Amino acid sequence: MRKCLFIIVSALLITSCQETLEQRCAREAKEYSEKHCPAPIAKGVTVDSMSFDVATHTLTYSYTLSGVVDDPAVISRNNPREDMLQQLKNATAMKPYKDAGYNFRYIYYSSKDKGKKLFEATFHEKDYR
């Protein structure tokens, strides 16, 4: 009887310590932001934060643009949405989140006009499958 009780309690403890994919995504986004942000990722592009909205299953990346790319005309001329979608489709690191059908949101802000949103794109499962 004790052995059976031990097994049941152990199983409950093990499963209660398991992290859901949502919890993992939220934790990893928060940890990444705290440890690495802000961080330059390309010339004129800085990643400011990552966050995860559990209610909408949306992973959001916020960036600040500076220099030559900090220009709405440059952004519209280069049509970043298609490039971003292709990168998302090819991103193997995002596989668990894509398999779960999460949304991916990218927001780009201006450094010269603080708070001005230059571009935003959200991709849903139907977009990247």
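The values are calculated or read from the model by the stated rules, or taken from the named source; none is laboratory data. Note that the structure is a prediction, hence the values are computed from the model and not measured. We place every Cβ from the backbone using ideal geometry, glycine too, and count neighbours over all the protein chains shown. The area values use the complete protein model at the heavy-atom level, side chains included, leaving out ligands, DNA and RNA. Shrake-Rupley method; radii C 1.70, N 1.55, O 1.52, S 1.80 Å.
Considering every residue within the stretch 2-11, establish whether at least one is open to solvent by 30 Å² or more (accessible area, probe 1.4 Å), in a helix (DSSP H, G or I) and at pLDDT 95 or above.
Scanning the stretch 2-11 turns up no residue that is open to solvent by 30 Å² or more (accessible area, probe 1.4 Å), in a helix (DSSP H, G or I) and at pLDDT 95 or above.
Which of the residues that make up the stretch 19-39 are touching a residue at least 60 places away in the same chain (Cβ under 8 Å) and open to solvent by less than 30 Å² (accessible area, probe 1.4 Å)?
C25
Which of the helices (runs of 4 or more DSSP H) contained wholly in the stretch 40-104 include at least 1 residues that are open to solvent by 30 Å² or more (accessible area, probe 1.4 Å) and within 22 Å of C25 (Cα to Cα)?
80-90, 95-99
State all residues of the stretch 105-123 that are hydrophobic (A, V, I, L, M, F, W, C) and either closer than 16 Å to Y63 by Cα or open to solvent by 70 Å² or more (accessible area, probe 1.4 Å) (or both); if no residue qualifies, say none.
I107, L118, F119, A121
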